[in-house]
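So the structure is just underneath, and the comments pick up after that.
The values are calculated or read from the model by the stated rules, or taken from the named source; none is laboratory data. Quantities reported herein were computed from a predicted structural model and do not represent experimental measurements. Methodologically, a virtual Cβ is constructed for each residue, glycine included, from the backbone with ideal geometry; neighbour enumeration extends over all protein chains shown. The protein model used for the area step is the full one, side chains on, heavy atoms only, and it has no ligands, DNA or RNA in it. Shrake-Rupley method; radii C 1.70, N 1.55, O 1.52, S 1.80 Å.
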Amino acid sequence: MLDRIVRNAAAGCALVAVFYALAQRSWPSGISVIGGGVLIGISYWAIRGAVDAATARGEGGETPLPSTRLPLVKFFTSHVILALAAYGMMVRLHLDPAGLIAGVSSLVIGVAVEVLRDFRWRRFP
C-alpha cells in the first residue's frame, strides 16, 4: 500500500505542478511544486528508514542491545539535510514558497486517493 501511496503522490505532484504553472502563468512556479515534492520525498525516505531500523531490531526474536545512537543520528541528520534543502530552494533558487507548500502537500493527495480507493471497494452494512 505504501508503494501505491508514493506513486499516487508523485502523480499528484506532477498534476498540481501543471495546474499551478498554468494558474500562475509561469513555468518556474511549476518547478517550485516539483521542489516541494522532492522535499516531501526526502522526508518520507528519512521517516521510513527510521521506522525500518526500529522494526528490524524487534524481528530477531531475542533482544540484543545494539547502539540506538546510529539510527537516531541518521534520522536527525536527514532532517537537517531537509531543512538545508528547503532553505536552498527558497533563498538561493528563489522558488515560490506557496508552490513548495503545494508540492509538499502531494503526499496528502496520495493518501487521499488511496483512502478513496479503499472506501469505494468496501461495503458498509
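Give region 21-48 a look and list any residue that's open to solvent by less than 40 Å² (accessible area, probe 1.4 Å) and either modelled with pLDDT of 90 or more or not polar (S, T, N, Q) (or both), or say none. Listed by number, the residues that qualify are A21, G30, S32, V33, G35, G36, G37, L39, I40, G41, A46.
Of all helices (runs of 4 or more DSSP H) completely enclosed by region 65-121, which ones contain at least 3 residues that are over 18 Å from G36 (Cβ atoms) and within 14 Å of the chain's Cα centre (by Cα)? I'd like the intermediate steps shown before the answer.
On the way: elements: 69-87, 97-104, 106-121.
No helices (runs of 4 or more DSSP H) qualify here.
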